[in-house]
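One structure is given here, and the rest of the page talks about it.
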Amino acid sequence: MSYATDTYPHLFSPLDLGHTQLKNRALMGSMHTGLEETENGFEKLAEYYATRARGGVGMIITGGISPNDEGNPLLSGAKMQNQKDVLNHQLVTAAVHKAAPDCKICMQILHSGRYVHHDGGVAPSAIQAPISPFVPKAMTIADIQQHIEDFANSARLAKEAGYDGVEVIGSAGYLLSTFLLEFTNQRDDQYGGSYENRMRFPLEVMTAVREAVGKDFIVVYRLAAMEMLDQGSTFDETLTLAKAMQKIGIDIISTHFTWHEARVPTLATMVPRAAFTKVTGRLRKHLDIPMITSNRINMPEVAEQVLREGDADICSMARPMLADPELVNKSAQGREDEINTCIACNQACMDHVFNGQQASCLVNPYACNETIMVKTSPAHKKRIAVVGAGPAGMAYSTTAAERGHEVTLFESSDKIGGQFNIAKRIPGKEEFEETLRYFANQIELTGVNLKLNHRVTDKELIAGDFDEVVLATGVSPRVPNIEGVSHPKVISYLDCLLDKKPVGQKVAVIGAGGIGFDVCEYIMHQPGVELTRETFAQEWGIDFSGHPRGGIAGVETHIPTSGREVYLLQRKTTSVGRGLGKTTGWTHRIQVKKRGVKMMASVEYKKINDEGLHITVNGVAQILDVDTVILCAGQDPLRELYSSIETSGKKVSLIGGADVASELDAKRAIDQATRCALEV
Ligand code: FAD
Ligand code: NAP
Ligand code: SF4
């Protein structure tokens, strides 16, 4: 095996913290999983983190753990408050240190402040957050003192539980960060008013934490480096706080780039790789302690570049470690092509967490399911035909073949990937190409017999020497029953995205699901404009280098568009785009709105003719005089092979879109396919 640590000399150089050393610069950043709150959750968490430790990461920061009830986002959430909590956490630390004695693990202490979803929340002032239905109580001086003790107690217990350190989150709109900004801190005592007063509470908390754990324990402070809020901090204020943290003996500063209530995307797939790291770099020039940067660092070459350019000392990769726990080992061994790259979709991680579900990963359904999804050798090796090399067929084939089955994968087109080949053409979804690269490699490595350009027939499958047939043939676009739907101005989303049929200047898009929105982004995209840090900053009004308040105050936006006039239509009466992903839907809605797309709900489609699309909206008739109508009206399962194979007596099953097309996405397709292939 070749070792490629010299390809990434910065990523694989150790970091000396004085009292201890990190073996490399790859950090698994903090991410809540929801496992903490499930039955036997800490056993599951232990295996989840141990798997990442075995994968070579230098340090892990756990998901946020509350120091007390007030800070718990839901009252039932995980805490570190007493000896019972210590016993739970010991399961995690023991498993990680057993898996990799040289991997450090720190517990994140997170007090949610005014973001909690219960009526016991506290904050510097009684000001409700736009993302919580509850008004927090303004903290008294006694509350402040009690909280300082609670943070210190939590850190002390973390040390007792076997952690190597703690990270305290002072960003994102959680308690500590709300003391820093005037709009959330309107106190007139020693904790409000001047910046010096506003940073007093975070500093007192961190001083108490350091005192509680002693000198030989890693203490990380997560700093709000740019809040993405008009009322955020200036560069000077941020630097003042960072220097003060350095002075009181914090080991590492980790930079964070948003508040949860901000309206600038920082994690979604349309955010360029390493978009925010220069902000860390600018602060780092003025500090002597190591700094962590983060957000959209998903491959080793990205991390290496960030470190090489001097923008950070450590790269945090939270979601990428969900997607591939072996990312670091694969990088060290020159197996980058085998990395299952995080595509920043948020669909199975952040969307789940913010919907109160257990996290997992769209491209890696094993994430957080390590104890229940286990690859075993099958009792009987089978010859399996899989039809369709979309996400479902690829996941099924590679999993079954890895377990030892003999798998033949038929694909009618000239490439693997199914609809992912269409998805990757949407501006901002270029990362989907990485999943195709990953599966291409897995198909080869697991020995799947891939037959491209092979539209397999039922006769072939019945006559073939297969023990089982698995149909992963996907979906066909639905053609709605509208008078004139075969008019020449009507095209399907496949005609538009795949076959690049001409699209006019005035367009109506029928159907406002994920694909309707994607089609709008595609046809409103100004040709030639690439997604870069600069174009992203212009679009969302961020000034990375000037660093005005919050990074955005007073910054003009520039929205490049194709200049088309576009209507995005749905029959439902709900607001358009409501069904999109919990944590990314708002970015898509803002993006198409900013490009002038007119979104219309409560639409009834009457007919399509030379005049355009005839509709009624709440019963009022109108004609949209469009030159092109694009159908994005959902899909139906494509399973024409099923009944004849079933009738023949051969074992046949359906997965992915071929099974259920309604509300299908790649998350469900890959998850279902992987689970089925683990059972066969
Ligand atoms: P498909 O991907 O449709 O694959 C089916 C495969 O079967 C195809 O390759 C087809 O050629 C092959 N096939 C069919 N019949 C035969 C035959 N007889 N012989 C051989 N081969 C055959 N999902 C998300 O989760 N997130 C997103 O952001 C997202 N964005 C999308 C954007 C667009 C523009 C589109 C079109 C889809 C998007 N999706 C997204 C949906 C996602 O791609 C699908 O849910 C997923 O691809 C379904 O997987 P599948 O394997 O069931 O079917
Ligand atoms: P979809 O989300 O089911 O949306 C289909 C749209 O068509 C709906 O808005 C529906 O709205 C409309 N529609 C359905 N039947 C119709 C009919 N007979 N006549 C007219 N309109 C009709 O499906 P999709 O947009 O095709 O997306 C397919 C899947 O891909 C989705 O499930 C989605 O999860 C996934 N995807 C995800 C993303 C993402 O970013 N996460 C992006 C793209 C695709 P009305 O009934 O209100 O008219
Ligand atoms: Fe990354 Fe999507 Fe997996 Fe989350 S679900 S870790 S964003 S690939």
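The residues on offer are Ile630, Ile623, and the sole one that is more than 8 Å from ligand 1 (Cβ to nearest atom) and in contact with a Cys (Cβ under 6 Å, 6 or more places away or on another chain) is Ile630. Of Val620, Val629, Val680, all but one fail to be among the β-branched types (Val, Ile, Thr), closer than 23 Å to Lys500 by Cα and at pLDDT 95 or above; the exception is Val629.
Of the strands (runs of 3 or more DSSP E) lying entirely inside region 382-461, those carrying at least 2 residues that are open to solvent by 40 Å² or more (accessible area, probe 1.4 Å) are 449-451.
Examine region 376-383 for a residue that is within 21 Å of Ala53 (Cβ to Cβ) and either away from ligand 2 (no atom under 16 Å from the Cβ) or not assigned by TED's automatic domain parsing to the domain that holds Thr269 (or both), and state whether such a residue exists. Break it down into steps so the answer makes sense when it comes.
We begin by selecting, within region 376-383, every residue within 21 Å of Ala53 (Cβ to Cβ); these are none.
No, the conditions are met nowhere in region 376-383.
Sort through Gly513, Gly474 and tell me the only one that's under 29 Å from the mean Cα position of the chain (by Cα), open to solvent by 30 Å² or more (accessible area, probe 1.4 Å) and small (Gly, Ala, Ser).
Residue meeting the stated conditions: Gly513.
Screening Val168 with (1) touching a residue at least 40 places away in the same chain (Cβ under 8 Å); (2) open to solvent by 10 Å² or more (accessible area, probe 1.4 Å) gives one miss only, at (2).
Within region 224-251, residues that are in the same structural domain as Leu176 (by TED's automatic domain parsing) and under 16 Å from Ala553 (Cα atoms) reach partners that are part of a loop (DSSP other than H, G, I, E, B) and among the basic types (Lys, Arg) with beta carbons closer than 8 Å, at six or more positions or on different chains, in the pairs Met228/Arg263. Only residues that are under 26 Å from Asn481 (Cβ atoms), touching a Phe, Trp or Tyr at 6+ places or on another chain (Cβ under 9 Å) and more than 7 Å from ligand 1 (Cβ to nearest atom) were counted in region 634-668, giving 1. Got at least one residue in region 197-210 being touching a helix residue (DSSP H, G or I) at 6+ places or on another chain (Cβ under 7 Å), open to solvent by 40 Å² or more (accessible area, probe 1.4 Å) and assigned to a helix (DSSP H, G or I)? Looking for residues that are touching a helix residue (DSSP H, G or I) at 6+ places or on another chain (Cβ under 7 Å), open to solvent by 40 Å² or more (accessible area, probe 1.4 Å) and assigned to a helix (DSSP H, G or I), one finds at least one in region 197-210, hence yes. Counting the residues of region 477-494 that are more than 30 Å from the chain's Cα centre (by Cα) and open to solvent by less than 90 Å² (accessible area, probe 1.4 Å) gives 8.
Every listed requirement among (1) of a type in the set (S, T, N, Q); (2) assigned to a strand (DSSP E or B); (3) open to solvent by 30 Å² or more (accessible area, probe 1.4 Å) is met by Ser13 save one, (2). Apart from one condition, Gly281 fits all of (1) over 28 Å from Glu370 (Cα atoms); (2) at pLDDT below 95; the exception is (2).
Considering Glu237, Glu227, the condition of being open to solvent by less than 10 Å² (accessible area, probe 1.4 Å) and charged (D, E, K, R) is satisfied by Glu227 alone.
If you check Pro502 against the conditions, is it open to solvent by 40 Å² or more (accessible area, probe 1.4 Å), over 22 Å from Gly428 (Cβ atoms), away from ligand 1 (no atom under 14 Å from the Cβ) and of a type outside the set (A, V, I, L, M, F, W, C)?
On the way: open to solvent by 40 Å² or more (accessible area, probe 1.4 Å): yes; over 22 Å from Gly428 (Cβ atoms): yes; away from ligand 1 (no atom under 14 Å from the Cβ): yes; of a type outside the set (A, V, I, L, M, F, W, C): yes.
Here the answer is yes, as Pro502 does meet what is asked.
Residues in region 120-151 that are in a loop (DSSP other than H, G, I, E, B) and either basic (Lys, Arg) or farther than 15 Å from Phe183 by Cα (or both): how many? Step through it out loud before you land on a result.
The initial filter retains those residues of region 120-151 that are in a loop (DSSP other than H, G, I, E, B), namely 120-121, 124-136, 139-140.
Next cut, either basic (Lys, Arg) or farther than 15 Å from Phe183 by Cα (or both) only: 120-121, 131-134, 139-140.
The total comes to 8.
Being surrounded by fewer than 22 Cβ atoms within 10 Å (Cβ to Cβ), modelled with pLDDT of 95 or more and of a type in the set (Val, Ile, Thr) is a description that applies to Val374. Among the conditions (1) under 28 Å from His19 (Cβ atoms); (2) over 31 Å from the mean Cα position of the chain (by Cα); (3) of a type outside the set (Phe, Trp, Tyr), Ala225 misses just one, which is (2). Within region 187-195, is there a residue that is in contact (Cβ under 8 Å) with a residue 60 or more places away in the chain and within 19 Å of Thr240 (Cα to Cα)? Yes, region 187-195 contains at least one residue that is in contact (Cβ under 8 Å) with a residue 60 or more places away in the chain and within 19 Å of Thr240 (Cα to Cα).
Summed over region 70-118, the residues that are hydrophobic (A, V, I, L, M, F, W, C), surrounded by fewer than 19 Cβ atoms within 10 Å (Cβ to Cβ) and modelled with pLDDT of 95 or more give a count of 4.
Determine, yes or no, whether Glu36 is modelled with pLDDT under 95 and open to solvent by 10 Å² or more (accessible area, probe 1.4 Å). The answer is yes for Glu36. Taking the conditions (1) free of Cβ contacts under 8 Å to residues at least 40 places away in the same chain; (2) touching a His at 6+ places or on another chain (Cβ under 7 Å); (3) open to solvent by less than 30 Å² (accessible area, probe 1.4 Å) in turn, Ser562 satisfies each one other than (3).
Taking the numbered list (1) touching a residue at least 24 places away in the same chain (Cβ under 8 Å); (2) surrounded by 20 or more Cβ atoms within 10 Å (Cβ to Cβ); (3) within 12 Å of ligand 2 (Cβ to nearest atom); (4) within 30 Å of Asp467 (Cβ to Cβ) in turn, Arg668 passes all entries but (1).
Filtering region 138-156 to residues that are closer than 25 Å to His19 by Cβ, open to solvent by 10 Å² or more (accessible area, probe 1.4 Å) and either in contact with a Phe, Trp or Tyr (Cβ under 9 Å, 6 or more places away or on another chain) or not assigned by TED's automatic domain parsing to the domain that holds Ala100 (or both) leaves only Ile148.
Any idea how many residues of region 80-106 are out of contact with any Asp or Glu (no Cβ under 7 Å at 6 or more places or on another chain) and more than 28 Å from Ile141 (Cβ to Cβ)? It would help to see each step written out before you state the result.
Just the residues of region 80-106 that are out of contact with any Asp or Glu (no Cβ under 7 Å at 6 or more places or on another chain), to begin with: 80-85, 87-90, 92-94, 96-103.
Now narrow it down to the ones that are more than 28 Å from Ile141 (Cβ to Cβ): 83-84, 87-90, 92-94, 96-103.
Residues in region 80-106 being out of contact with any Asp or Glu (no Cβ under 7 Å at 6 or more places or on another chain) and more than 28 Å from Ile141 (Cβ to Cβ): 17 in total.
Identify, please: which residue in region 171-183 is more than 24 Å from the chain's Cα centre (by Cα) and of a type outside the set (A, V, I, L, M, F, W, C) and is, among those, most open to solvent (accessible area, probe 1.4 Å)? The residue in question is Glu182. Beta carbons closer than 7 Å, at least 6 apart along the sequence or on distinct chains, pair a first residue in region 321-349 that is closer than 12 Å to Thr51 by Cα with a second that is assigned to a helix (DSSP H, G or I) and near ligand 3 (Cβ under 8 Å from one of its atoms) for Leu327/Pro320.
Which fully enclosed helices (runs of 4 or more DSSP H) of region 487-541 have 1 or more residues being over 14 Å from Val626 (Cα atoms), away from ligand 3 (no atom under 16 Å from the Cβ) and in contact with a Leu (Cβ under 6 Å, 6 or more places away or on another chain)?
On the way: elements: 493-497, 514-524, 533-540.
Filter on region 487-541 gives 514-524.
Restricting attention to region 652-665, the residues that are part of a strand (DSSP E or B) and open to solvent by 40 Å² or more (accessible area, probe 1.4 Å) add up to 1.
The values are calculated or read from the model by the stated rules, or taken from the named source; none is laboratory data. From a predicted model like this one, the values you see are computed outputs, not experimental measurements. Please note: Cβ atoms are built from the backbone with ideal geometry, for glycine as well, and neighbour counts cover all protein chains shown. These area figures cover heavy atoms from the full protein model, side chains too; ligands, DNA and RNA do not enter into them. Shrake-Rupley method; radii C 1.70, N 1.55, O 1.52, S 1.80 Å.
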